[in-house]
1. Working carefully through the options 54, 50, 90, find the one that is exposed (fewer than 11 other Cβ atoms within 10 Å of the Cβ) and part of a strand (DSSP E or B).
2. Checking residue 82 against (1) open to solvent by 30 Å² or more (accessible area, probe 1.4 Å); (2) in a strand (DSSP E or B); (3) of a type in the set (A, V, I, L, M, F, W, C), which test does it fail?
3. Within the stretch 180-223, can you find the residues that are β-branched (Val, Ile, Thr), out of contact with any strand residue (DSSP E or B) (no Cβ under 6 Å at 6 or more places or on another chain) and surrounded by fewer than 16 Cβ atoms within 10 Å (Cβ to Cβ)?
4. Looking only at the stretch 151-177, how many residues end up being outside any strand (DSSP E or B) and among the charged types (D, E, K, R)?
5. Being in contact with a Phe, Trp or Tyr (Cβ under 6 Å, 6 or more places away or on another chain) and either surrounded by fewer than 16 Cβ atoms within 10 Å (Cβ to Cβ) or not aromatic (Phe, Trp, Tyr) (or both) narrows it down to one residue among 128, 100; which is it?
6. Being of a type in the set (Asp, Glu) and either open to solvent by 50 Å² or more (accessible area, probe 1.4 Å) or in contact (Cβ under 8 Å) with a residue 60 or more places away in the chain (or both) narrows it down to one residue among 139, 149; which is it?
7. Taking the conditions exactly as written (touching a residue at least 12 places away in the same chain (Cβ under 8 Å) and surrounded by fewer than 16 Cβ atoms within 10 Å (Cβ to Cβ)), does residue 122 satisfy them or not?
Amino acid sequence: MGTITRNFANNLTTSGLLKPDAFNNDSFDNVTAVPSGSVETGDMQFISSATASASASISFTSGIDSTYKEYVFYFVNIHPSAESVFSFQADTGTNTNYNQTITSTSFRAFHREDGGESGLGYITSGDQAQGTGFQHLMETPQLGTNNDENLNGYLHIFNPSSDTFVKHFIARTLSQNDDSSPAYVLDGFFSGYFNTTTPLTRFQFKMASGNIDAGQILLYGIN
């Protein structure tokens, strides 16, 4: 066995894997560049975020294109200025009407703080049948204005840049409502599709009435 081969073999485990100490600070002294795409950058890539401050709406008008096949919006501590329902819509090109045709369905589970009542059921007010309104992302009764009331969750959009298929979405949100005594938690499930083959390029979020008083929305692309 030659010296080079012997030295290399000494750096292998009995199963043929490189030992942790096979590399040291001098191992890559002669490397001047790493080929593009050869380093794993992660499956989920951060694109942008927006922080609400008495905002009538929050719009994402860039970063949604053919770069990724899937996009995810995350909602963190969404708090309204008035009792209302958190919702979203989308649009194409540079259009800002946010009135794309949606068919959707929704259901929710709920449970009161004292354990006195719970349930699982369809949300009639949360669905659309070829509607062009803003899609609810929670059940009414509304998200309230008490200091501890907020909404968290995500919205997953599939291949919005396709010029062949309709655009599906799945959302899940968790919110609480303190209006009743005791308060209760709402676990909402929403899904549907935008009935268009035109690429969707922008999304807008808002309360059905009033402002988004506080909270953050983050946008990620998925490789």
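The values are calculated or read from the model by the stated rules, or taken from the named source; none is laboratory data. What you see is a predicted model, and the numbers here were worked out from it, not measured in a lab. Neighbour counts run over all protein chains shown; Cβ positions are idealised from the backbone, glycine included. Keep in mind that these areas ignore ligands, DNA and RNA; they rest on the heavy atoms of the full protein, side chains included. Shrake-Rupley method; radii C 1.70, N 1.55, O 1.52, S 1.80 Å.
1. On the way: 50 fails: exposed (fewer than 11 other Cβ atoms within 10 Å of the Cβ); 90 fails: exposed (fewer than 11 other Cβ atoms within 10 Å of the Cβ).
Unique residue meeting the criteria: 54.
2. (2)
3. Selection gives 197 alone.
4. Initially, the stretch 151-177 is screened for residues outside any strand (DSSP E or B), giving 159-166.
Remaining after also requiring among the charged types (D, E, K, R): 163.
Residues in the stretch 151-177 being outside any strand (DSSP E or B) and among the charged types (D, E, K, R): 1 in total.
5. Details: 128 fails: in contact with a Phe, Trp or Tyr (Cβ under 6 Å, 6 or more places away or on another chain).
Selected residue: 100, the only one of 128, 100 that is in contact with a Phe, Trp or Tyr (Cβ under 6 Å, 6 or more places away or on another chain) and either surrounded by fewer than 16 Cβ atoms within 10 Å (Cβ to Cβ) or not aromatic (Phe, Trp, Tyr) (or both).
6. Numbers: 139 fails: either open to solvent by 50 Å² or more (accessible area, probe 1.4 Å) or in contact (Cβ under 8 Å) with a residue 60 or more places away in the chain (or both).
When all the criteria are applied, what remains is 149.
7. Numbers: touching a residue at least 12 places away in the same chain (Cβ under 8 Å): yes; surrounded by fewer than 16 Cβ atoms within 10 Å (Cβ to Cβ): yes.
Judged against the criteria, residue 122 is a match.
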